[in-house]
Amino acid sequence: MRTLSGQGLAPKDILCILHKEFANSRSTTREIYNELVVARAEELRGREPIEALVELISCSDYFSKVWLVEGAVDYMFFMHQSSVSMCQTFGTVFLLDCTYKTKKFSMPLLNVVSITSTYATFNTGFTFLHAKNKEAYAWVLEQFSKVVTPKVLCTDRELALMNGIARVFPDYHNIFCCWHINKNILANCKTRFSDVKWQQFMERWNMLVSSTSVKLFDAAIQCI
């Protein structure tokens, strides 16, 4: 049960699996929830979740850096050693994006993702930040630069992030995320079209963005 919870399954999903595997099971969602509460308390051993996370990433399985201010976490950067190995093998292109809000620790979370030679994506590193500004992003990227020097970075048009990247990686090539481009197009342009015209416009727009992105990506790779 605890293993299933560790894989991100909710109590109701765990219950479905138990009933499927054990036909005579009389477990309820409440019983599973109570068991997980006990397991969580045993794991935390009286610590706050953020304290437990700091202790976890301080072991040799992680490359990490934690910056404390008056005993509180201001920055927390961490990469699993398997991710370190992967990003050093596939260290050309990285996607950086930051959450708008996080409820867990009330801190933005920056996620760095890379891509393999077979176009599979994998999580590279994570950072909890006290704020989303140039100085915060620069701190993160300085830690990241100790592991790999990327050649191409894909971001949305967050100026603080772009300025932080320019400070740490002045020779990088920046490309914009197509998903964010299309979100802006949807927010600012759809009301100007009828439904039929909008569908035609989006088909042609996606063709343009796709062809342009490929050309920009190829040009960036050729500069490496």
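The values are calculated or read from the model by the stated rules, or taken from the named source; none is laboratory data. Keep in mind that this is a model prediction, so the values were computed, not measured. Backbone-built Cβ (ideal geometry, glycine too); neighbour counts: all protein chains shown.
Things worth noting here:
- Filter result (assigned to a helix (DSSP H, G or I) and over 21 Å from His80 (Cα atoms)) within the stretch 137-168: Leu159, Ala160, Leu161, Met162, Asn163, Gly164, Ile165, Ala166, Arg167, Val168
- Residue ranges of strands (runs of 3 or more DSSP E) in the stretch 16-125 with at least 2 members among the hydroxyl-bearing types (Ser, Thr, Tyr) and within 17 Å of the chain's Cα centre (by Cα): 62-69
- Residue match in the stretch 161-174 (condition: modelled with pLDDT of 85 or more, within 21 Å of Ile57 (Cβ to Cβ) and surrounded by 14 or more Cβ atoms within 10 Å (Cβ to Cβ)): no
- When the stretch 20-79 is filtered for residues that are β-branched (Val, Ile, Thr), more than 21 Å from Leu109 (Cβ to Cβ) and touching a helix residue (DSSP H, G or I) at 6+ places or on another chain (Cβ under 9 Å), the ones remaining, listed by number, are Thr28, Thr29, Ile32.
- A single member of Thr149, Thr127, Thr191, Thr118 is surrounded by fewer than 17 Cβ atoms within 10 Å (Cβ to Cβ) and touching a residue at least 40 places away in the same chain (Cβ under 8 Å), and it is Thr149.
- Some residue of the stretch 10-20 being modelled with pLDDT of 90 or more and not hydrophobic (A, V, I, L, M, F, W, C): no
- Checking His80 against (1) at pLDDT below 85; (2) over 22 Å from Phe176 (Cβ atoms), the condition it does not meet: (1)
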